[in-house]
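Chemist: Starting off with a structure, shown below.
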Amino acid sequence: MRRTPAVLTLAAAAVLVAACGSTVDGSATAAPGGPSSSRSVGAGPTSAGGSSSSAPSSGSSSPSPGGDLASLLLGPGDFPPGYAVAAVDTATLAGLAGGVEGQVPGLTVTPPRCAQTNPYSDLTGAAGVTGANKAAALVVVEIVGPADAGALGRLGATLKDCSSFSASFTGPDGTPLSLQASSRALQAPPVDAGDTLGYTSTSTADVGSGTPFTTTQSQLYARVGPTLVGVALSSISGAPVDQDLLDRLFTAAVAKVAAG
């Protein structure tokens, strides 16, 4: 079973807890287990669900997969004050962007077609970074890795069918847990990329505590040549996501990869 947008927000909560031992302004910290405003929705051209568009540039200047993608990631200086910035190891990348087996064993998504396909073709050749603001309950996840030309189209087709869905799984103590989620298209800002896709989602989970756990997330993708840039901003408190902040981080992330 693959990761859904809503399950990614649950993983983001875990990242926030793990990554926020301290805040870093201008220097990176190591991640555990590894190295160191509203927006109009659905505006503009769309492609199969998530709001997708093509920019004039093909982004052909991006590095080839397998290159030093880590050097093209956002750095501490790209984040506002108060964010703990940490590199993400390969195992954690697989949990954040790939299948959910490692993070949520036994997850069942209804309808099954809403089990989102991982858009990256090879996470072993990917790199990632997180930025977590514990005080604001916000976490940013950037992943840069190889993807084929049809990756965003396939992801968009899945999102088109999944404006609402549910998921269920069993907690570590055997408690049945459930989640209700909805998603909608989000227009990406103009960037130097072959094509882009965005969506925003809200999920409410019954985590067995008696108080529902609500998260909101906005995710933007851009394909720059053979490289896919993904930046997600999640609000673990359930408050609206700061779309202006996401736009700035996404624009900076794509520019770094396009410049090579």
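Just so it is clear, none of the values below were taken in a lab; they were calculated from the coordinates. None of the values given here were measured: they were computed from a predicted structure. Every residue, glycine as well, gets a Cβ built from its backbone with ideal geometry; the counts of neighbours run over all protein chains shown.
Chemist: Roughly how many whole Å is it from the C-alpha centroid of the stretch 151-169 to that of the stretch 108-130?
Modeler: Here the answer is 11 Å between Cα centres.
Chemist: Moving on to the next point. Where does the stretch 196-249 land on the Kirkwood hydrodynamic radius, alpha-carbon pairs, in angstrom?
Modeler: About 12.4 Å, per the Kirkwood formula over Cα pairs.
Chemist: Please give, to one decimal in nm, the separation of the simple spin-label points placed at Thr110 and Ser71, each 7 Å out from Cα toward the Cβ.
Modeler: Between Thr110 and Ser71, the label points sit 5.1 nm apart.
Chemist: Here's another thing I want to ask about it. Taking θ as phi - 60°, what are the ³J(HN,Hα) couplings along the stretch 121-134 by the Karplus curve (6.51, -1.76, 1.60), each to the nearest whole Hz, with x for Gly and Pro?
Modeler: In residue order, the calculated couplings are 7, 7, 6, 5, x, 9, 9, x, 8, 10, x, 10, 10, 5 Hz.
Chemist: Follow-up question, since we're still on this one. Using a simple spin-label model with points 7 Å from Cα along the Cα→Cβ vector, what separation in nm is obtained for Ser163 and Ser121?
Modeler: Between Ser163 and Ser121, the label points sit 3.3 nm apart.
Chemist: Could you work out the relative contact order of the stretch 117-204? I mean the mean sequence separation of Cα pairs under 8 Å and 6+ apart, divided by the number of residues, in percent.
Modeler: That works out to 21 percent.
Chemist: Hey, what did the stretch 154-260 get for relative contact order, percent, Cα under 8 Å, at least 6 apart?
Modeler: So the answer I get is 20 percent.
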